[in-house]
Amino acid sequence: MVTEQVIYYNDSLEKEKDKIRYGLEWAISTFIQFGVVIVFSIPFGLYIESLIFLFIGGILRMFSGGAHLSSYYLCLTITSIQAVLYPILIQILLLYLYNNIIIIPLYLISFLLLLLYAPKIYIKRKIIKRKNYIFFKIASLLLFLIITLSTFALNLTPMLQLTIIISVFVQSLTLTLFMERFFNKISIMLMKGGY
């Protein structure tokens, strides 16, 4: 394993073994996720939007946390489907309707969900320690604020604006008990099928 090789060549890192393994696993899974999303979004001509959806949701999730599926492959599949499907749906939506009436309520709901439920970060199946709770809460809200202000300040196209807010909104929904239960049901149902 790569972690063992890193430690073999620098034995002073033995105490950091779990952190190194986690970091490497995270980096590799992120690389795979971006590759899968690019491959499946190119035929629709929406790979930039799909990558933005994935990136914004992922960066917010790092601080806010959220419900988890029971396996890496389920997470890879569901997240990739979302990252490809939502920009397609947004493109269709923009043919018929677009104005701030859509964006502002989504931002407000997302903000309230983050304010009420973030962080929901699990480390080894245990919720984060209380001392880190405030840090992750503030970081989630600050990141939300930066994303929101950037979306309006950067003069983005309606497609990119809506892609960003839908990504924030979907990620914020994963903080709710409803989505946690929904993900559990999906995991149970699909695990029975061997996924």
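The values are calculated or read from the model by the stated rules, or taken from the named source; none is laboratory data. Everything numeric in this text was worked out from a predicted model, so none of it was measured. Cβ: placed from backbone, ideal geometry, glycine included. Neighbour counts: every protein chain shown. What goes into the accessible areas is simple: the full protein's heavy atoms, side chains included, and nothing from ligands, DNA or RNA. Shrake-Rupley method; radii C 1.70, N 1.55, O 1.52, S 1.80 Å.
Only protein heavy atoms count here; under a 1.4 Å probe, residue 189 has an accessible surface of about 130 Å².
Give me the compactness ratio for segment 124-174, meaning the Cα radius of gyration over 2.2 N^0.38 Å.
On the way: Rg = 14.1 Å, N = 51, 2.2 N^0.38 = 9.8 Å.
Segment 124-174 yields a ratio of 1.44.
Pairs over the 30 Å Cα-Cα cut-off, from the set 15/185; 15/192; 19/137; 17/192; 15/129; 137/192: 15/185; 15/192; 17/192; 137/192. With viscosity 1.002 mPa s and temperature 20 °C, the Kirkwood radius over alpha carbon pairs of segment 66-195 converts through Stokes-Einstein to a diffusion coefficient of 132 µm²/s. Across the chain, the relative contact order, built from alpha-carbon pairs under 8 Å that are at least six residues apart, equals 31 percent. For residue 65, the residues whose modelled amide H falls within less than 5 Å of its own, excluding neighbours fewer than 5 places apart on the same chain, are 120.
What range in the chain is the longest one free of trypsin sites (Lys or Arg not before Pro) that are in a loop by DSSP and have at most 15 other Cβ atoms within 10 angstrom? Between the exposed loop sites, the longest stretch runs 1-123. Listed values for segment 48-64 are Karplus-derived 3J(HN,Hα) couplings in whole Hz (6.51 cos²θ - 1.76 cosθ + 1.60, θ = phi - 60°), namely 5, 5, 5, 5, 5, 4, 5, 5, 4, x, x, 5, 5, 5, 4, 9, 8, and x replaces Gly and Pro. A Gaussian network model of the chain, with springs between Cα atoms under 10 Å, assigns the largest mean-square fluctuation among 49, 14, 25 to 14.
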